[in-house]
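This report refers to the structure that appears directly beneath it.
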Amino acid sequence: VGVLGYPLLGEWLMRVVGVPRTIERSAAFFAGGSLIPEDARRYTEMFEEQTRFHGFERALLSMMRTDALADYARIYRSPALREIPMLLIWGTTDEDIPEAHIREIQAAMPGLPSVELPGIGHGLVFEAGETVNAELIRFFSNAAPPAPGPADEATNESAPDAAGGLQI
């Protein structure tokens, strides 16, 4: 967090350094992937347009000021997560999420289904979209939906009643 945590200074730094640097990184990311140059330019332009939306700077600064980049190992080890169907898809050349972090997640969550995409970076859906889609379809085709819990049943306002009508 560092100096970004200081009021006013953090906002100023995000505006003059953070957002421009984020745009540069996205342009390099799109240009360095397997996209054709026209698509890389188009995606870069769309990303840059997003940075001009009201609230983008504040959201990016908030992410940097909070625990968005923290260590989540304790959460990954939570027994409650074992009840939720999950799939880990990662690219072996990802520079934002290093292999060591992936291995920590796998160690904390034994049996977690994982798909390793050799030579693919952080932009899985751009670099290997067909493969990612196929893996997601396979995963969701085999994943059982979670059983409804008491909280789900208590808030389901459109459940059918005994006569087959809807309770409103």
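The values are calculated or read from the model by the stated rules, or taken from the named source; none is laboratory data. What you see is a predicted model, and the numbers here were worked out from it, not measured in a lab. Cβ placement follows ideal geometry from the backbone for every residue including glycine, while neighbour counts extend to all protein chains displayed. Side chains are part of the model used for accessible areas, which takes the heavy atoms of the whole protein and leaves out ligands, DNA and RNA. Shrake-Rupley method; radii C 1.70, N 1.55, O 1.52, S 1.80 Å.
Just a few scattered comments:
- Among TYR6, TYR76, the sequence by solvent-accessible area, most first, with a 1.4 Å probe is TYR6, TYR76.
- Long-range Cα-Cα pairs in region 24-135 (distance over 24 Å), rounded percent: 40 percent
- In a DSSP loop and with at most 11 other Cβ atoms within 10 Å, the trypsin sites (Lys or Arg not before Pro) in region 1-101 are ARG52.
- For ILE120, the residues 5 or more places off, or on other chains, whose built amide H falls under 5 Å of its own are THR92, THR93.
- Extension gain from GLU95 to LEU8, taking 0.36 nm per residue of separation minus the Cα-Cα distance: 28.3 nm
- Across region 119-129, coupling constants 3J(HN,Hα) worked out from phi with the 6.51/-1.76/1.60 Karplus curve, θ = phi - 60°, read x, 9, x, 6, x, 3, 5, 8, 7, 9, x Hz, and Gly and Pro carry x.
- Chymotrypsin sites (Phe, Trp or Tyr not before Pro) restricted to DSSP loop in region 35-74 with at most 10 other C-beta within 10 Å: PHE53
- Cut-off under 5 Å, modelled amide H: who pairs with VAL115 long-range: LEU88, ILE89, TRP90
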